[in-house]
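Written below as structure tokens is the structure these notes are about.
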Amino acid sequence: FFFTSIEANNGLWRSPDGGTTWSQYPASTFGSCTQRGGPCQADDIAIDPVNPNNVYVAIDGEGVFYSTDGGSTWNLANLPGISAGFIGRASLAISPSTASTVYTMVGAPDGLEYLGFFLSTDTGGTWAAETVPDATFSSATIDGTSFNNASQSFYDQALAVSPSDPATVFFGGVGSYESTDYGQHWTFLSSNGGTHADNHSIAFDSGFANVYFATDGGLFAYNLGNQKFTGLNN
């Protein structure tokens, strides 16, 4: 993520008219958090596809917030073990098939390891701590919650929920992962057919046959049938 060139313009903005005009939320909306001369930036936003009054935002350095009135007012999400004002970058994803199911991955303030992975099944009202994925090789462990791991939560975070199953969620950090039980357990995907480290975005095709991972090395399709990656960078 990157700060704006005019640092006072950091933070969350809202348009009520399709982008014609915009207003910036004051820093006091989210705990008076400031960074580099402006409000703490909004790292991610998710909007309920069924009821767009339900909105979620991750405020860097402060916490995850949710709104039930289209962003007019905001509430701090109670993430177990996470204190307000002591997070780094966080990412959000809503289940397209069960919009009351919401996930967030929360990075540490140092921008390296992850503080936790959390699930809400009641539109953000309550949250449960699940498991942060990692993968261990002969010389290093990537992602996960340890400061000693090769993690960079400030740089690569991507989170997406299956369009057809609220329990199936994909995460991209340094590596690529899939969970089919709401984040309790994870499968490391990056060794299946070859992909690149450092994930930045995840998307699905219309038939949900492939999951696309955008990485530092380009775009890769993960086929859910044969569980293999194919590079799409020719």
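General remarks:
- Descending principal axes extents, the chain, alpha-carbon based, whole Å: 47, 38, 37
- With all protein chains kept in place, the per residue accessible area of the chain amounts to 45 square angstrom at a probe of 1.4 angstrom.
- Per-residue SASA entry for Leu92, accessible area with 1.4 Å probe, Å² rounded to 10: 10 Å²
- Each 10 Å bin from 0 upward holds the following percent of the Cα-Cα pairs of segment 27-103: 20, 52, 25, 3, 0.
- For Asp205 and Ser32, a Förster radius of 30 Å and the Cβ-Cβ distance give a FRET efficiency of 0.10, rounded to the nearest 0.05.
- Accessible surface, 1.4 Å probe, highest first, among residues Tyr25, Tyr212: Tyr212, Tyr25
- Accessible surface of the chain [probe 1.4 Å, protein heavy atoms]: carbon and sulfur percent: 50 percent
- Of Leu232, Ala84, Ser162, farthest towards positive along the dipole that unit charges on Lys, Arg, Asp, Glu beta carbons give the chain: Leu232
- Legend: calculated FRET efficiency, Leu232 to Arg14, from the Cβ-Cβ distance at R0 = 45 Å, rounded to 0.05, equals 0.80.
- Over segment 132-203, the hull volume per residue, using the convex hull of the C-alpha atoms, is 92 Å³.
- Shape call, segment 85-160: gyration tensor on alpha carbons, a/c limit 1.5: prolate
- Rh (Kirkwood; distinct C-alpha pairs) - segment 185-234, Å: 11.0 Å
The values are calculated or read from the model by the stated rules, or taken from the named source; none is laboratory data. None of these values were measured; they are calculated from a predicted model. In this analysis, Cβ positions are derived from the backbone assuming ideal geometry, glycine residues included, and neighbour counts consider all displayed protein chains. We work out accessible area using only protein heavy atoms, side chains counted, and drop any ligands, DNA or RNA first. Shrake-Rupley method; radii C 1.70, N 1.55, O 1.52, S 1.80 Å.
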